[in-house]
Amino acid sequence: MDVWPDKSEAQQILEDWTANKNLRKHAYAVEAAMRAYAIKLGQDPDRWGIVGLLHDFDYEKYPDVGDHPFKGVAYLKERGFSNDLTEAILAHAEHTGASRDTLLKKCIFAVDELTGLIVAVALVRPSKKLEDVSVRSVVKKWKEKSFASGADRKIIEQGAEELGVELAEHIETVLKAMQVISEKLEL
């Protein structure tokens with residue numbers, strides 16, 4: 001079955017499950033990055049964006065690694081949504097053991113952590129604006145292991161490698177996508 005929620009339905013699921021404003025902004029950042037990669041790779045930006053929007057929708061209610069993203073995936077399956085969607089959501093989290101055997105799965109894995117690192121770089125800029133963040137500034141902060149230590153650099157590197165892109169190109173793609181929606185991200 002290849003049933004996907006449309007954008008408004010996915011947005012409603014996110015809103016129903018996620019009250020935290022910062023978690024919602026994270027979902028929007030990942031959605032933007034997924035759409036940018038879909039366009040770059042000749043894929044469906046609407047479907048890839050939905051994966052980004054919904055990848056963490058259950059996290060606020062179920063933050064434990066034994067529950068997230070399994071509870072959300074179960075909910076989506078109950079609603080009859082595509083295995084492509086649910087398997088991609090599983091693939092974003094390494095602890096699930098889900099294979100990353102498609103571009104979609106590789107991409108959600110690759111962009112998730114990087115969006116958080118880019119937000120952290122923006123927040124230490126005097127302006128706190130994404131427009132003042134460059135690939136160079138992300139790379140500079142990348143080297144500071146204590147900076148944004150929650151953003152797993154090994155996962156980001158592995159994700160870029162699995163996508164077959166250089167790290168700088170990966171950072172640039174995600175950064176530009178986030179800059180386009182900077183107002184929505186309030187950055």
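The values are calculated or read from the model by the stated rules, or taken from the named source; none is laboratory data. Every value quoted in this text rests on a predicted model; they were computed, and no experiment measured them. Heads up, the Cβs are rebuilt from the backbone with ideal geometry, glycines too, and the neighbour counts pull from every protein chain shown.
If I ask for residues that are outside any helix (DSSP H, G or I), among the charged types (D, E, K, R) and touching a residue at least 40 places away in the same chain (Cβ under 8 Å), which ones from the range 112-140 would you list? Can you show your working first?
Pass one, the range 112-140, residues outside any helix (DSSP H, G or I): 125-129, 133-134.
Right, trim to among the charged types (D, E, K, R) and you get 125, 128-129.
Matches in the range 112-140: LYS128, LYS129.
Residue by residue through the range 168-183, note down the ones that are in a helix (DSSP H, G or I) and more than 13 Å from LEU117 (Cα to Cα). Explain how you work it out, then say what you get.
The first filter runs over the range 168-183 and keeps only residues in a helix (DSSP H, G or I), leaving 168-180, 182-183.
Scanning the range 168-183 gives ALA168, GLU169, THR173, LYS176, ALA177, GLN179, VAL180, SER182, GLU183.
Okay, residues lined up against (1) surrounded by 14 or more Cβ atoms within 10 Å (Cβ to Cβ); (2) within 18 Å of ALA38 (Cα to Cα); (3) touching a residue at least 24 places away in the same chain (Cβ under 8 Å):
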| position | (1), (2), (3) |
| --- | --- |
| TRP142 | yes, no, yes |
| LYS145 | no, no, no |
| SER149 | no, no, no |
| LYS154 | no, no, no |
| GLU161 | yes, yes, no |
| GLY164 | no, yes, no |
| GLU172 | yes, yes, yes |
| LEU175 | yes, yes, yes |
| ILE181 | yes, yes, yes |
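Identify, from the list LYS25, LYS61, the residue that is modelled with pLDDT of 95 or more, among the basic types (Lys, Arg) and part of a loop (DSSP other than H, G, I, E, B). Walk me through how you get there before you give the answer.
Numbers: LYS25 fails: part of a loop (DSSP other than H, G, I, E, B).
Going through LYS25, LYS61 in turn, just one is modelled with pLDDT of 95 or more, among the basic types (Lys, Arg) and part of a loop (DSSP other than H, G, I, E, B): LYS61.
Is one or more of the residues making up the range 46-56 surrounded by 14 or more Cβ atoms within 10 Å (Cβ to Cβ) and farther than 24 Å from GLU186 by Cα?
Scanning the range 46-56, I find at least one residue that is surrounded by 14 or more Cβ atoms within 10 Å (Cβ to Cβ) and farther than 24 Å from GLU186 by Cα, so the answer is yes.
Check LEU76, LEU187, LEU123 and return the single one that is within 23 Å of ILE39 (Cβ to Cβ), modelled with pLDDT of 95 or more and not basic (Lys, Arg). Give the steps one after another, and end with the answer.
Values: LEU76 fails: within 23 Å of ILE39 (Cβ to Cβ); LEU123 fails: within 23 Å of ILE39 (Cβ to Cβ).
Result of the check over LEU76, LEU187, LEU123: LEU187.
Give the number of residues within the range 70-110 that are part of a helix (DSSP H, G or I) and of a type in the set (S, T, N, Q). First the steps, then the outcome.
Looking only at the range 70-110, we keep the residues that are part of a helix (DSSP H, G or I), and these are 70-78, 83-91, 94-96, 103-110.
From what's left, of a type in the set (S, T, N, Q): 83, 86, 96.
Residues meeting the conditions: 3.
Run SER146 past the list (1) modelled with pLDDT of 95 or more; (2) among the polar types (S, T, N, Q); (3) more than 25 Å from ASP84 (Cβ to Cβ) and report the number of the one that doesn't hold.
Of the numbered conditions (1) modelled with pLDDT of 95 or more; (2) among the polar types (S, T, N, Q); (3) more than 25 Å from ASP84 (Cβ to Cβ), the odd one out for SER146 is (1).
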